[in-house]
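> Structure below; questions to follow.
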Amino acid sequence: MSSTTHKTVLIIEDDPDIRHLLGIRLKHAGYEPIEAGNGTDGLRPVHERRPALVILDIGLPGMDGWQVLQRIRDVTTTPVMILSARGLEAEKVRGLQSGADDYVTKPFGHQELIARIGVLLRRATDEGEPETEYADPRLQIDIRSRSVQADGVDVQLTPGEFRLLLALIQHVGQILSPEQLLELAWDDPTTTNTSRVKFTVLRLRRKLGWDDPASSPIESVRGFGYRYRLMSEALAPVHAAN
Ligand code: CA
């Protein structure tokens, strides 16, 4: 799509006051907001405009935010920030399990929200890793294009899942504690919720088709953490030739 879409932020929110105010704040911060008042109207620009980020309200008329999130995740890894009136831990966990990248509870401060958007966009566009490719017998990653193949099958990962996988393969054979993984894969210092790591690992394994503990390269080491292990002959990471 056009090169101007990299700062487009889609707001799917049925409350017109919250939506308009958010749109104004985003515009002031240099983004191009697109407003949608329900899930159906919101999904169209996801396809047509390819927004850089989606702010998604959970309590929507008709299709609720969870259903909208599922539809978004079927087609794109665009960062999604959930906006919800419910501050319950279970809701946050559900959001992160469902592939959301951040979860903000209403009422929220606009400055904080804009800052969080900046973090998500930097993460999504700026995986500034020195290596550009990784390959072993089970896994191939092109870090710049964020394409991932597990056992020869293309896999679509969310930015959070992708960062977790990168953290693991950058420490092949080494056990990383949930706290270490939080630090490596989430750059929000206020995040201390290690269950976030657990759920992202579970989701990552499922997406890669690596659910079976006996054959999964992503190993859980009970009481310690997680380790990426090479399952057949050890191959050194391959660096890009181009
Ligand atoms: Ca609402």
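> Determine the principal axes of the Cα atoms in region 133-235, then give the extent along each, sorted from largest to smallest and rounded to whole angstroms.
37, 30, 21
> A further question follows. Highest GNM mean-square fluctuation, the chain, Cα pairs closer than 10 Å: which of 85, 214, 124?
So, out of 85, 214, 124, the one fluctuating most is 214.
> Scan around residue 104 for amide H atoms under 5 Å from its own, H built in the peptide plane at 1.01 Å from N, and keep only partners 5 or more places away or cross-chain.
The answer is 82, 83, 84.
> What fraction of the DSSP beta bridges in the chain is antiparallel, stated in percent and rounded to the nearest 5?
45
> So what's the angle, to the nearest 10 degrees on a 0 to 90 scale, between helix 159-169 and the longest Cα principal axis of the chain?
Between the helix axis and the principal axis of the chain, the angle is about 20 degrees.
> In a GNM of the chain with a 10 Å cut-off on Cα contacts, which of 155, 104, 197 has the highest mean-square fluctuation?
The residue with the greatest mean-square fluctuation here is 155.
> Using alpha carbon coordinates only, what is the Rg to Rh ratio of region 3-125, with Rh defined as the Kirkwood radius? Please list the in-between numbers first.
Working: Rg = 12.9 Å, Rh = 14.1 Å.
Reported Rg/Rh, Kirkwood definition of Rh: 0.91.
> Can you check what the net charge comes to around residue 195, using other residues whose Cβ is under 14 Å from the Cβ of residue 195 (Lys, Arg +1; Asp, Glu -1)? Could the numbers behind the result be given before it?
Working: positive: 92, 94, 196, 198, 203; negative: 89, 91, 179.
That sum, taken over residues with Cβ under 14 Å, equals +2.
> Related question: log₁₀ I(q)/I(0) of region 77-166 at q = 0.11, 0.17 Å⁻¹, via Debye over equal Cα point scatterers, no solvent, to two decimals?
Each listed q maps to, in turn, -0.39, -0.79.
> May I ask you to list the residues of region 147-163 whose amide nitrogen lies under 11 Å from a point 7 Å from Cα along the Cα→beta-carbon direction of residue 211?
The answer is none, because no backbone nitrogen lies closer than 11 Å to the label point.
> Gain in length, residue 7 to residue 145, computed as 0.36 nm per residue apart minus the alpha-carbon separation, to one decimal in nm? Walk me through the intermediate numbers first.
Values: separation 138, 0.36 × 138 = 49.68 nm, distance 1.84 nm.
Here the segment from residue 7 to residue 145 would lengthen by 47.8 nm.
> Taking the Cβ-Cβ separation of residue 48 and residue 193 as r and a Förster radius of 30 Å, what is the calculated FRET efficiency to the nearest 0.05? Before the final figure, lay out each step's value.
Working: r = 35 Å, r/R0 = 1.17.
The value I calculate is 0.30.
> Per the Cauchy relation, a quarter of the hull surface: what is the mean projected area of the convex hull of the alpha carbons in the chain, in nm²?
On the way: hull surface 54.7 nm².
Value for the chain: 13.7 nm².
> Note down the nm distance, to one decimal, between modelled labels 7 Å out along Cα→Cβ at residue 93 and at residue 184.
Those two pseudo-labels are separated by 2.4 nm.
> Let me ask something else about it. Quote the Stokes-Einstein diffusion coefficient, in whole µm² s⁻¹, for region 66-110, based on the Kirkwood radius over alpha carbon pairs, a temperature of 20 °C and a viscosity of 1.002 mPa s. Can you show the working numbers first?
Values: Rh = 10.8 Å.
The Stokes-Einstein estimate is 198 µm²/s.
> Using a Gaussian network model of the chain with C-alpha springs under 10 Å, which one of 209, 65, 30 is most mobile by mean-square fluctuation?
Among 209, 65, 30, the largest mean-square fluctuation in the Gaussian network model of the chain belongs to 30.
Since every read-out is calculated from the coordinates, none of them should be taken as a lab result. Owing to the predicted nature of the structure, the values given are computational and were not obtained by experimental measurement. Methodologically, a virtual Cβ is constructed for each residue, glycine included, from the backbone with ideal geometry; neighbour enumeration extends over all protein chains shown.
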